[in-house]
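Right, one structure below, let's go through it.
The values are calculated or read from the model by the stated rules, or taken from the named source; none is laboratory data. What you see is a predicted model; the values in this text were computed from it and never measured. As a convention, Cβ positions derive from the backbone with ideal geometry for all residues, glycine included, and neighbour counts pool all protein chains shown. All accessible areas refer to the heavy atoms of the entire protein, side chains included, with ligands and DNA or RNA removed. Shrake-Rupley method; radii C 1.70, N 1.55, O 1.52, S 1.80 Å.
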Amino acid sequence: MIAAFPLQFLDFSSFIPVINLVPVQFFSPARNVMSTPVLSIDPQALVIPMEEAREAGRSAAEAYRAQKPYPHGCFDDFLPPEILERVREELRQLPEAETIFNRPQEKQKTSYQPERLAFYTRSLFYALNSRAFLAFLEELTGIDGLIPDPYFAGGGIHVVANGGHLDIHADFNHHGKLNLERRINVLIYLNKDWREEWGGSFEIWNTGMTEKVASFVPLFNRMVCFNTGSETWHGNPEPVAQPDGEPRMSIALYYYTATWDSTRKSHSTLFKPRPGTSDQEDRQEARHAALQNFLPPVLYRRIGHHLRRIGI
């Protein structure tokens, strides 16, 4: 269990909580003494001070970048808890989902765009697209010139219902509308008192898909951040099984750089079955890979997304 939010981390002079941003895999299992980077956020205005954001990123950078098979980090107590409590309260009422996934590779998963959510939740997304948060990510990852996505393509609030899962995959690598290269994923979990046996843990697998390297339970106020590419295999493949029927919920944001060029080949989400499991190959993506090789690029760009919408 994560320790309760300690009073000594509250700055009562300004009434702005100061939280510990802690890479989980980088401190002792006892977790009684936590190393810092520290990031302060105003829970009302959702303002992130620039220099403190930079220092937080610098403090965790060496450990983050050293992780294998690709740079990643897991941070507990990521935001002042009252921020996510307010988000959870607003998410009790959700609009109709923009996207619904219910196929073998991604089952009973829905997503919700920030602009259709309540005001405070929407404002938090904008804060996490701010210059100060980009500065934190740039210091952490060493990737300069990060660009947020104002369209939140593929991002927003993700909900996985009981029985649902997301198989191991590498994410789409190209933001077609903005012609940008995808570089960083940020996931913040909203699940109170979640237990490992309830499934839904975030897993990282090695490049050859022969071994699970790390696994993180989707605990409330835990953030997972990682570099993303065509072989950064990850997912939450174990079905959600919360005894009271509560879904697994998370905040998802993606960040890009202006490094895409005509020599690169774009792809959608690439799924890989885990060895020794019943995970299924993604035949739809295999068909699209064949179409990309067969059709002129300009024609495929015009029809590819239409074919996916109808299941081809």
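The table below lists the values:
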item: Cβ-derived FRET efficiency at R0 22 Å, Ser262 paired with Ser130, nearest 0.05; result: 0.10
item: ³J(HN,Hα) computed for each position of the stretch 82-88 - Karplus, 6.51 cos²θ - 1.76 cosθ + 1.60, integer Hz, glycine/proline x; result: 5, 4, 6, 4, 5, 4, 4
item: Rounded to the nearest 10 Å², the accessible area of Lys212 at probe 1.4 Å; result: 100
item: Neighbourhood charge, 15 Å Cβ-Cβ cut-off, centred on Trp198 and excluding it, Lys, Arg +1 and Asp, Glu -1; result: -3
item: Nearby aspartates and glutamates by direct alpha-carbon distance to Lys265 (threshold 15 angstrom, same-chain neighbours under 8 apart not counted); result: Asp171, Glu181, Glu231, Glu285
item: Estimated distance in nm for a label pair at Asp144 and Gln93, the labels positioned 7 Å out from Cα along Cα-to-Cβ; result: 4.8
item: Accessible solvent surface per residue of the stretch 200-286, calculated while the other protein chains remain in place, 1.4 angstrom probe, Å²; result: 43
item: Accessible surface of the stretch 57-197, 1.4 Å probe, proportion on carbon and sulfur as whole %; result: 46
item: Solvent-accessible area, 1.4 Å probe, carbon plus sulfur percent, for the stretch 221-278; result: 46
